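S.K.: Okay, here's the structure, questions in a sec.
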Amino acid sequence: MLTMKSLPNFGTSLSNYQSHKNKVSFAESPKCFIFLGQSSRPCLFNSNFDVSCTSVGHSALLVKTTDAATNMDVNAKIYEFCKVGNLKSAVDLLISLEKSELELETYCSILQLCAKRKSLQDGKRVHSIITSNGIVIEGILGAKLVFMYVNCGDLREGRRIFDQILNDKVFLWNLMMYEYAKIGKHRESIHLFKKMQNLGIEGNSHTFSCIMKCFAALGQAGDCEMAHGYVYKLGVGSHNVVANSLIAAYFKCGGVESAHKLFDELGDRDVISWNSMISGYVQNGSSENGLEVFIQMLISRVKADLATLVSVLVACANIGKLSLGRALHGYGVKSCFDREIMFSNTLLDMYSKCGDFDDAIQVFKKMGQKTVVSWTSMIAAYVRGGLYDDAIRLYNEMEREHVKPDSYTLTSILHACACSSSLEKGTEVHNYIRKNMGLNLSLSNALMDMYAKCGSMEEAHLVFSEIPIKDVISWNTIIGGYSKNSLPNEALRLFAEMQTESTPDSITMACVLPACGSLAALDRGREIHGHILRNGYSSDPHVSNALLDMYVKCGSLVLAQLLFDKIPKKDLISWTVMIAGYGMHGFGNEAIATFKEMKSSGIEPDEISFTSILYACSHSGLVNEGWKFFNSMKKEFNIEPKLEHYACMVDLLARTGKLSEAYKFIEKMPIKPDASTWGALLCGCRIHHDVDLAEKAAERVFELEPENTGYYVLLANIYAEAEKWEKVKKLRERIGKKGLKKSPGSSWIEVKGKFNIFVAGDASHPQAKRIDSLLKKLRIKMKDEGYSPNMKYALINASDMEKEVALCGHSEKLAIAFGILNLPPGRTIRVTKNLRVCGDCHEMAKFMSKTTKREIVLRDSNRFHHFKEGICSCRGFW
């Protein structure tokens, strides 16, 4: 690490300047050197600023005058003003003079003071006077002007003068390279370095220290190696400042082995050498190696400093070494590092990442001075621990303390809002960003994620549309948001758009596959599977699980099973998806066998796994098995059943006709039943035509979810099937008074990559006449074979003829008929419906599969129905 003590002052004595030809010598002046105070900015130059007068052109030394004595007096006065730091008087005196023969050293003195005071305005005035006096800007004067402009923040003008003057002074090249590096223009620094080499100007240790940082920032490992060789050729490789910079550069470029080799060859290691190794390993994901180097450092009796402790604490945080972190905490307190804000912030982060929230909170409370990093670290700790409400509370407290958040703070709090569905707070944060900061890419992505997880996709898309240059995270966030918010068509549309503007990655695949599953878009899903295989993403567990889920939801259980068998290392999600898949398709026994296989493989089920197996039992009528799994949750796995588990049990009992037992089960529940629990009982009442119990269950549901139209419609269907038309009429009036609207039944089928959507009774489809004709023929054939339509599923109070016409117009029948007409013979027909399939459509689908010798896979809102040769996989449990 460079220190001001180890480096020379940029301005040094100029008393060795000699006169040129018959001009007055600097030595004639009693004060013939420039007064330079200690600069507050770091200096990278070990060459002093003494320049022989022979390097200064004739025109730059003196300007003719008629009174040399007068000019000497003026030079002395200006020098005295500069010596005491009176810049205003020095500049005023200079301006008051007419064109005069001032010594070059006088101009240099004023320029040096302008640089020290960072007074660009005064510096420009002095520059103007120099130019108007016709003095050629070169040598020491040019160097002083460059230094003044650079130090005052006008790098562009400093560079212009730098390019105009001929100089071979390494300190000036170092100055320019350092300034460009400081503002992140590392390539320009490297360009100057190469130009310097071409001119034959040899760099020094500070040159290479700077340039190594530039190579590191750009990740140019090859250049590091070339510079390494050049350093040794010049004989400065043994300098610690160069060696330490090389070690840091190698690590940042990923050259871990080269860094370690250089460290081993280093004879005189200082604390910075050890710190470079420790931090390098930690930053390259090798925290264990970083800790080993730290132990070697202690054995070598090198005293750790603040930078050492910070790096080692980060290593402890990364690998969960809480005990060592605590020991370092104690060492830091004894060494008085606890007064350093960086130490406290890192300590706070270590405790939170190691899961010790109590100590993290204690560190936070004891901090005398809290910076934005302190607040952000604590907020991030709460978010990491899933304590989203606490994170929001702390952010509110931070606002009250008038601490201005940075982009990291805002990203963390937006994540807390996303995970806690705090749309109001998230919107408030968005408004703050608009007013005070403006959006960058990371904030835009965090905002999109917050809006998407809070279900506000319009706002999410608005943020997305305003991003000028979107990265892959932007696309993944918006695609995933649409998928999760049941807007699969939008997700697939944006995925297609993304491929024209960006390159999808494995996360993109995991985000878009649920959209295919939601639409049951098997062809589209298989296309994406091909893309995954071509790009080598199938080894990613998130992708393989998303593929598995897609095949299950698209009704292709065979492909799902093949993929499942090929997954080398199945995690809990893989097993759970497969169990749920068997359950959805009515294969309860297979689901149970898979659940047992999962346990024998050493993976314990969680709450979601139990929901899936109970669902499978419910949809296969496996009552005894369901009870065993439900009872084992608490006894065997110490998992307290949640509402969804109780709802599954009610559904299981109700579907199998045990309505009274289901009702008693609800009344004895230790937690208050929700609408889905009573709704499960209501569905069972419809299956088994228990109107009285249905009314009791319905009233409970209406109390809990008075705006849910689906439950009103379900009760209306129960009344209609029982032909209680007066009650149907009253219920419909009740729905009308509440302003509720029934979701229309719709079904869709994918043919040649295009989705064809059908709505009940809709005759607007281009093939409507062909579809109607086919359905009538099939209906006649069904009657000839002794089948009569079940009029109770028409759900209208009308004549049998009108009811039969209504039944023929159900959307799933239209979609199946369209599939028969448009898909090649033998191709499986896959239809998806947004509501539960009605009994008449279910019977007709069985008949159609037998008559047309087609396999029909129908997915409704409850489950899958596989129709083959007149038999359905559900066996009546739907």
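S.K.: What ranking, highest mean first, results for peptides 405-414, 609-618 when packing means the other Cβ atoms within 10 Å averaged over each residue?
M.R.: Details: 405-414: 21.8, 609-618: 26.4.
Result, highest mean first: 609-618, 405-414.
S.K.: Still on this structure, please answer the following. Based only on other Cβ atoms within 10 Å, what is the fewest-to-most ordering of T500, T709? The partial results should precede the final answer.
M.R.: Working: T500 6, T709 14.
Exposure proxy ranking, most exposed first: T500, T709.
S.K.: Let me ask you something else. What list of ³J(HN,Hα) couplings, whole Hz, do you get for the range 705-719 from phi and the Karplus terms 6.51, -1.76, 1.60, once you set θ to phi - 60° and write x for glycine and proline?
M.R.: 9, x, 9, 7, 5, x, 6, 5, 5, 4, 5, 4, 5, 4, 5
S.K.: Kirkwood Rh and Cα-based Rg: tell me the resulting Rg over Rh for the range 370-455, rounded to two decimals. Mind showing how you got there, number by number?
M.R.: Values: Rg = 11.5 Å, Rh = 12.5 Å.
Rg/Rh for the range 370-455 comes to 0.92.
S.K.: Moving on. Explain nothing, just the number: relative contact order of the chain, from Cα pairs under 8 Å at least 6 residues apart, as a whole percent.
M.R.: On the way: 1282 pairs, mean separation 37.5, N = 878.
Value for the chain: 4 percent.
S.K.: Under 5 Å between amide hydrogens, which residues at least 5 positions from V751 or on another chain qualify, with H placed 1.01 Å from N in the peptide plane?
M.R.: N756
S.K.: Multiply the residue gap between K741 and K435 by 0.36 nm, knock off their C-alpha separation, and tell me the result in nm, one decimal place. Before the final figure, lay out the partial values.
M.R.: Numbers: separation 306, 0.36 × 306 = 110.16 nm, distance 4.07 nm.
Gain in length upon complete extension: 106.1 nm.
S.K.: Give me a comma-separated list of calculated 3J(HN,Hα) values for the range 846-862, in order, Karplus coefficients 6.51, -1.76, 1.60 applied at θ = phi - 60°, integers in Hz, x for any Gly or Pro.
M.R.: For the range 846-862, the Karplus curve yields 4, 5, 4, 5, 6, 6, 8, 6, 10, 8, 10, 10, 10, 9, 9, 5, 9 Hz.
S.K.: Want the number for A593 to K642: 0.36 nm per residue separation, take away the alpha-carbon distance, what's left? Walk me through the numbers on the way to the answer.
M.R.: Values: separation 49, 0.36 × 49 = 17.64 nm, distance 2.37 nm.
Computed gain between A593 and K642 is 15.3 nm.
S.K.: In whole percent, what relative contact order does the range 269-368 give with Cα contacts below 8 Å and a gap of six or more residues? Show your work: numbers first, answer last.
M.R.: Values: 106 pairs, mean separation 22.4, N = 100.
The normalised contact order for the range 269-368 reaches 22 percent.
S.K.: Using 7 Å Cα-to-Cβ label points, what is the K777/K569 separation (nm, one decimal)?
M.R.: 5.7 nm
S.K.: Sticking with this one: If one puts a single equal scatterer on every Cα of the range 446-604 and applies the Debye formula without solvent, what log₁₀ I(q)/I(0) results at q = 0.12 Å⁻¹?
M.R.: Those come out to -0.54, one per q.
S.K.: Oh, and also: For a protection proxy built on the mean count of beta-carbon atoms within 10 angstrom, sort 415-422, 700-707, 203-210 highest first, please. Don't jump to the answer; show the numbers that get you there.
M.R.: Numbers: 415-422: 21.2, 700-707: 15.8, 203-210: 24.9.
Highest-to-lowest ranking by the protection proxy: 203-210, 415-422, 700-707.
S.K.: As a test of the definition: which semi-axes, in Å, follow for the chain when you take the square root of five times each eigenvalue of its alpha carbon gyration tensor? Largest first, please. Display every interim value, and only then the final one.
M.R.: On the way: eigenvalues 1244, 182, 139 Å².
Equivalent ellipsoid of the chain: 79, 30, 26 Å, largest first.
S.K.: Could I ask something else about it? Pull out a ≥ b ≥ c, the square roots of the eigenvalues of the alpha-carbon gyration tensor of the range 542-598, then state rounded if a/c is under 1.5, prolate if not and a/b is larger than b/c, and oblate in the remaining case.
M.R.: Numbers: a/c = 1.76, a/b = 1.13, b/c = 1.56.
It is oblate, given that a/c is not under 1.5 and a/b is not larger than b/c.
S.K.: Taking one equal scatterer on every alpha-carbon of the range 269-368, how large is log10 of I(q)/I(0) by Debye at q = 0.13, 0.18 1/Å?
M.R.: Log10 of I(q)/I(0), two decimals: -0.40, -0.77.
S.K.: While we're here: How much length is gained if the chain between N133 and E501 is pulled fully straight, taking 0.36 nm per residue apart and subtracting their Cα-Cα distance, in nm to one decimal? Intermediate values should be presented prior to the final figure.
M.R.: Working: separation 368, 0.36 × 368 = 132.48 nm, distance 5.82 nm.
Separation in residues times 0.36 nm, less the Cα-Cα distance, equals 126.7 nm.
S.K.: In degrees, nearest 10, range 0 to 90: what is the angle between the Cα axis of helix 441-453 and the longest Cα principal axis of the chain?
M.R.: The helix 441-453 is inclined about 20 degrees to the chain.
S.K.: Can I ask one more? For the range 118-218, max minus min Cα coordinate along each principal axis, in Å, sorted largest first?
M.R.: Ordered largest first, the range 118-218 gives principal extents of 44, 26, 18 Å.
S.K.: Calculated from DSSP H runs of 4 or more alone, at -39500 (n - 2.57) each and per residue, what is the 222 nm mean residue ellipticity of the chain, nearest 500? Working shown, then result.
M.R.: Working: 45 runs with 566 residues, N = 878.
-20500 deg cm²/dmol, from helical runs alone.
S.K.: Next question. Please list, in chain and number order, the residues 5+ apart from S746 or on another chain whose amide H is under 5 Å from its amide H, with Hs placed from the backbone.
M.R.: The list, which skips near neighbours in sequence, is N834, L835.
S.K.: What is the local net charge at I603, summed over the other residues whose Cβ is closer than 11 Å to its Cβ (Lys, Arg +1; Asp, Glu -1)? Before the final figure, lay out the partial values.
M.R.: On the way: positive: K569, K570, K599; negative: D571, E597, E604, D606.
Neighbourhood net charge equals -1.
S.K.: So for each of 758-767, 432-441, 373-382 I average, over its residues, the number of other beta carbons within 10 Å; can you give me the resulting order with the highest mean first? Could the numbers behind the result be given before it?
M.R.: Details: 758-767: 14.6, 432-441: 13.0, 373-382: 24.2.
Output ranking for 758-767, 432-441, 373-382: 373-382, 758-767, 432-441.
S.K.: What's the local net charge at V333, with K and R +1, D and E -1, over the other residues with C-beta under 14 Å away?
M.R.: Working: positive: R326, K334, R339, K366; negative: D338, E340, D359.
Residues near V333 contribute +1 overall.
S.K.: Okay, moving on. When every alpha-carbon pair in the range 642-742 is counted, what percent end up more than 20 Å apart? Write out the running numbers ahead of the final one.
M.R.: Working: 1720 of 5050 pairs.
Counting pairs separated by more than 20 Å, the tail of P(r) holds 34 percent.
S.K.: Also: Between K194 and L166, what FRET efficiency follows from the Cβ-Cβ distance if R0 is 25 Å, with the result rounded to 0.05? Could you put the intermediate results ahead of the total?
M.R.: Details: r = 18 Å, r/R0 = 0.72.
With a Förster radius of 25 Å, E is 0.85.
S.K.: Using only Cα atoms, tell me the angle between helix 691-704 and the longest principal axis of the chain; keep it within 0 to 90° and round to the nearest 10.
M.R.: Helix 691-704 sits roughly 20 degrees off the main axis of the chain.
S.K.: To test your reading of the geometry: what angle, between 0 and 90 degrees and rounded to tens, separates the Cα axis of helix 357-366 from the longest principal axis of the chain?
M.R.: Once rounded, the angle reads 40 degrees.
All of the numbers you see were taken from the coordinates with simple rules; none came from a lab. Computed from a predicted structure; not experimentally measured. Note that we place each Cβ from the backbone using ideal geometry, even for glycine, and neighbour counts take in every protein chain shown.
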